[in-house]
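K.L.:
This is the structure I want to talk about, given as structure tokens.
The values are calculated or read from the model by the stated rules, or taken from the named source; none is laboratory data. All of these numbers come straight from a predicted model, not from anything done at the bench. FYI the Cβ positions are ideal-geometry reconstructions off the backbone, even for glycines, and counts take in every protein chain you see. The area values use the complete protein model at the heavy-atom level, side chains included, leaving out ligands, DNA and RNA. Shrake-Rupley method; radii C 1.70, N 1.55, O 1.52, S 1.80 Å.
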Amino acid sequence: TDEFLVSVLKLSTFLELEDGIEHAVRQFERKGDDFGPALQFELARRYRVDKWIAPSFHRLMELSLAKMDFAIVSQLGDVGYFALVKTKAELEAHRKQFTYDTPEIQYHPNCRTRISCNIAWSYEWDKSVPKIIHHPDEDTYVSIANFLDNYHQTDVTDLCSNCRVRTIDWMLANGAARDERQIIDAAVAGLMAIQQGQEVESAARFWCVLHQISLKVSNPFGLLPFLVAT
Ligand SMILES: [Zn+2]
């Protein structure tokens, strides 16, 4: 069960048992989609499983904020929740801008129907694209990268396939999809920086602190700054 594996991970981390940590990590990863993203993120943060930060955050980004409950929020902690809300807001602003600005059509040199291609492209961008990108059903969420990729195979009425593919490729090359990934990558990089500055509770650390206290107890005056500091 999750509870058992969490105990194994917790104890192995505390005792610095690499085998135990690896075992728990492997068992959780074997669960696939049954390993909840919020739990994966929580454990990554608490027990410094650094390699779980990126995949768990990507999975959390697919969850609807409206459907989140307080249990998930408390698992994410202040840092995780803030990163998630901020990144989702940035992504939403980027997606709005993406559909708001109609990209200029890139005519194929062999195109013989430029006028109709131009009208069809503008019409498609104004009428169809926003409905797909801003669909109210969040289960149909599609990233800009996947959306553009799908357009390689999607016929558009009165738009020749040469102009369609050329325009999509031009948009992909100009970073329309890259920006969306960059927003998420920047959030993951920020989380990793916080992660690497965070200490994990371990037995060695516990004994070290205890040892420092005992040293200070043997010298009563030495204990004073410690008591003041705590
Ligand atoms: Zn054309």
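K.L.:
Could you list all residues from the stretch 16-38 that are under 25 Å from Ser143 (Cα atoms) and open to solvent by 30 Å² or more (accessible area, probe 1.4 Å)?
P.N.:
As a first pass, look at the stretch 16-38 and keep what is under 25 Å from Ser143 (Cα atoms): 29, 32-38.
Selection gives Glu29, Gly32, Asp33, Asp34.
K.L.:
Consider the stretch 4-15. How many of its residues are open to solvent by 70 Å² or more (accessible area, probe 1.4 Å) and more than 25 Å from the chain's Cα centre (by Cα)? Before the answer, list the steps.
P.N.:
In the first step, residues of the stretch 4-15 are kept if they are open to solvent by 70 Å² or more (accessible area, probe 1.4 Å); the result is 4, 10-11, 15.
Within this subset, residues satisfying the condition of being more than 25 Å from the chain's Cα centre (by Cα) are 4, 11, 15.
The qualifying residues number 3.
K.L.:
Applying the selection to the stretch 72-86, what residues are surrounded by 14 or more Cβ atoms within 10 Å (Cβ to Cβ) and either of a type in the set (Phe, Trp, Tyr) or in the same structural domain as Leu148 (by TED's automatic domain parsing) (or both)?
P.N.:
Listed by number, the list holds a single entry, Tyr81.
K.L.:
Right, next: Does Asn162 satisfy being within 16 Å of the ligand (Cβ to nearest atom), open to solvent by less than 80 Å² (accessible area, probe 1.4 Å) and modelled with pLDDT of 90 or more?
P.N.:
Details: within 16 Å of the ligand (Cβ to nearest atom): yes; open to solvent by less than 80 Å² (accessible area, probe 1.4 Å): yes; modelled with pLDDT of 90 or more: yes.
The answer is yes for Asn162.
K.L.:
Does Trp121 satisfy being in the same structural domain as Trp170 (by TED's automatic domain parsing), touching a Leu at 6+ places or on another chain (Cβ under 6 Å) and among the hydrophobic types (A, V, I, L, M, F, W, C)? Can you show your working first?
P.N.:
Values: in the same structural domain as Trp170 (by TED's automatic domain parsing): yes; touching a Leu at 6+ places or on another chain (Cβ under 6 Å): yes; among the hydrophobic types (A, V, I, L, M, F, W, C): yes.
Answer is yes for this residue.
K.L.:
Scan Lys51, Lys96, Lys67 and give me the residue that is in the same structural domain as Leu15 (by TED's automatic domain parsing), at pLDDT 90 or above, surrounded by fewer than 15 Cβ atoms within 10 Å (Cβ to Cβ) and out of contact with any Leu (no Cβ under 7 Å at 6 or more places or on another chain).
P.N.:
Details: Lys96 fails: in the same structural domain as Leu15 (by TED's automatic domain parsing); Lys67 fails: at pLDDT 90 or above.
Every option except Lys51 fails the conditions.
K.L.:
Looking at (1) buried (at least 17 other Cβ atoms within 10 Å of the Cβ); (2) assigned to a loop (DSSP other than H, G, I, E, B); (3) away from the ligand (no atom under 16 Å from the Cβ), can you tell me which one Gly175 breaks?
P.N.:
So Gly175 meets the others, but not (1).
K.L.:
Then there is this: Taking Val228 and the conditions (1) exposed (fewer than 13 other Cβ atoms within 10 Å of the Cβ); (2) of a type in the set (Val, Ile, Thr); (3) at pLDDT 85 or above, which numbered condition does it fall short on, given that it satisfies the others?
P.N.:
Of everything listed in (1) exposed (fewer than 13 other Cβ atoms within 10 Å of the Cβ); (2) of a type in the set (Val, Ile, Thr); (3) at pLDDT 85 or above, Val228 misses just condition (3).
K.L.:
While we're looking at this one, here's another question. Being hydrophobic (A, V, I, L, M, F, W, C) and either under 19 Å from the mean Cα position of the chain (by Cα) or under 29 Å from Lys67 (Cβ atoms) (or both) is the filter here, so list the residues in the stretch 118-151 that pass it. If you could, list the steps in order and put the result at the bottom.
P.N.:
Of all residues in the stretch 118-151, those hydrophobic (A, V, I, L, M, F, W, C) come to 119-121, 125, 129, 132-133, 142, 144-145, 147-148.
Listed by number, the residues that qualify are Val129, Ile132, Ile133, Val142, Ile144, Ala145, Phe147, Leu148.
The rows are residues; the columns are (1) open to solvent by 40 Å² or more (accessible area, probe 1.4 Å); (2) away from the ligand (no atom under 16 Å from the Cβ).
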residue: Ile115; (1), (2): yes, no
residue: Trp121; (1), (2): no, no
residue: Trp125; (1), (2): no, no
residue: His135; (1), (2): yes, yes
residue: Ser143; (1), (2): no, yes
residue: Asp149; (1), (2): yes, yes
